[in-house]
Amino acid sequence: MAAGDEEGQAAEPEAVAESEAAVEEPRSFKDLGVTDVLCEACDQLGWKVPTKIQVEAIPVALQGRDIIGLAETGSGKTGAFALPILQALLETPQRLFALVLTPTRELAFQISEQFEALGSSIGVHTTVIVGGIDTMSQSLALAKKPHVIIATPGRLVDHLENTKGFNLRALKFLVMDEADRILNMDFETEVDKILKVIPRDRKTFLFSATMTKKVQKLQRAALKNPVKCAVSSKYQTVEKLQQYYIFIPSKFKDSYLVYILNELAGNSFMIFCSTCNNTQRTALLLRNLGFTAIPLHGQMSQNKRLGSLNKFKAKARSILLATDVASRGLDIPHVDVVINFDIPTHSKDYIHRVGRTARAGRSGKSITFVTQYDVELFQRIEHLIGKKLPAFPMQEEEVMMLTERVAEAQRFARMELREQGEKKRSRNDDDDDTEEAIGVRNKVAGGKKKKRKAF
Ligand code: AMP
């Protein structure tokens, strides 16, 4: 994947005040100081009790302090910063009140959804400003002066420099979400530019999965006397996650994947691959075998990416195949099983990937494929999470019975990939549509459109 995967160096802990909130017993949102109308909004979302990061961060934020939030994925951190911002907005209503910076487009839409859901009863207007979308309509949306802007740094800087009449001089809150990733994606210059044009007299919340040296530098530049709210030791995976591995020969990976998908049929899956090409190939392979699989990777257009994600979220597809573009931050609540089809090369990505399941108190499974080439990487992961994983139970003979059909599907998938490549070159198009490709393949195979049965 992109340069964003590069890991920052872990930083030495710095002397920062720690939140004193008790984390053992979740209390009610009201106990944390959240006002009634927002407590009702939480209730309507089914948020009965605050999560740990919310218990830690909300009272501190409501006291008007800056925050450094270190929280595991799926911890409810969006609520932890959105609720105090909405409460402050209720107290002093103002347009262009808060800015949330986030590394990816999908995450921006997701955060906006949570702001809208929590703030609908108080009439909050949000606007998402991200790349890949027409700037003109964004300028019009900014001219309406929303209360909250959720943006990726690059496009926001574009607007700050080029959109007449738009500025953030009255801003009261800045949130930097997934700050480690914003910095690893080389958005440092953009973040600096943004910091220069917003008031120094503001509240700042910096959330990060890990405290790297770059994050610590940003913290010093952007936060005033912050309180640290951390809910887990650095690299823990959540308790309700059952983690397994399978040790298999590289050449049978596809057959083992199909075996597991059949064994665990009825669940929703996220399957992580290391490259865009392998994501696309595996999606085609699975679709040829009758599975409802859909890809999500960086070589797809923004519309296709959102389309894939929405189909999966709406449960119209049960298998989402993705590169690490989706390993962080995406809120896909119903993922039951995460499969690391290609082992992550950076161990920290393992934590982010498996964090797609067992979110917000639910249980989930993860299965990591380990081939003869991956042993060292796997040992590093076990070292990082501080435990030895059990093997996922399998019937080898049953896997071997699948190899013939899988080989046939592999041939089709390769052919389809080639056709897609040629089509793309002739159209100079960046879209690749797996479902469209299956149609092409059916025609190539003599018009036989009979759907293959999942087996
Ligand atoms: P986040 O870590 O902000 O991406 O949140 C992960 C998921 O947890 C989202 O689907 C939220 O809607 C959900 N969530 C956040 N706070 C709570 C809560 N207090 N109770 C239950 N679910 C929550």
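With the checklist (1) outside any helix (DSSP H, G or I); (2) open to solvent by 40 Å² or more (accessible area, probe 1.4 Å) in hand, flag the one item VAL128 doesn't pass.
Result: VAL128 passes all but (2).
Which of the residues spanning segment 191-209 are of a type in the set (Val, Ile, Thr) and either in a helix (DSSP H, G or I) or open to solvent by 50 Å² or more (accessible area, probe 1.4 Å) (or both)?
Within segment 191-209, VAL191, ILE194, VAL197 meet the criteria.
Could you tell me how many of the residues in segment 158-190 are hydrophobic (A, V, I, L, M, F, W, C) and either open to solvent by less than 10 Å² (accessible area, probe 1.4 Å) or closer than 14 Å to ALA222 by Cα (or both)?
Summing the residues that are hydrophobic (A, V, I, L, M, F, W, C) and either open to solvent by less than 10 Å² (accessible area, probe 1.4 Å) or closer than 14 Å to ALA222 by Cα (or both) in segment 158-190 gives 9.
Could you tell me which of the residues ILE67, ILE111 is surrounded by 22 or more Cβ atoms within 10 Å (Cβ to Cβ) and more than 14 Å from the ligand (Cβ to nearest atom)?
Criteria check complete, one pass: ILE67.
If you take the residues of segment 34-56 that are at pLDDT 95 or above and assigned to a loop (DSSP other than H, G, I, E, B), which of them is nearest to the ligand (Cβ to nearest atom)?
Result: VAL34.
Among THR104, THR135, which is the only one that is over 20 Å from ALA57 (Cβ atoms), out of contact with any Lys or Arg (no Cβ under 7 Å at 6 or more places or on another chain) and open to solvent by 40 Å² or more (accessible area, probe 1.4 Å)?
Sole residue among the options that is over 20 Å from ALA57 (Cβ atoms), out of contact with any Lys or Arg (no Cβ under 7 Å at 6 or more places or on another chain) and open to solvent by 40 Å² or more (accessible area, probe 1.4 Å): THR135.
Please determine whether any residue of segment 75-89 is within 16 Å of the ligand (Cβ to nearest atom), under 30 Å from ASP324 (Cβ atoms), in contact with a Lys or Arg (Cβ under 8 Å, 6 or more places away or on another chain) and part of a helix (DSSP H, G or I).
No: zero hits.
Enumerate the helices (runs of 4 or more DSSP H) found wholly within segment 222-317, keeping only those where 3 or more residues are charged (D, E, K, R) and either open to solvent by 40 Å² or more (accessible area, probe 1.4 Å) or free of Cβ contacts under 8 Å to residues at least 40 places away in the same chain (or both).
Helices (runs of 4 or more DSSP H) meeting the threshold: 302-313.
The values are calculated or read from the model by the stated rules, or taken from the named source; none is laboratory data. The structure presented is a predicted model; accordingly, all values stated were derived computationally and were not measured. So basically every Cβ, Gly included, is an ideal-geometry build from the backbone, and we count neighbours across all protein chains shown. Accessible surface areas use protein heavy atoms only, side chains included; no ligands, DNA or RNA. Shrake-Rupley method; radii C 1.70, N 1.55, O 1.52, S 1.80 Å.
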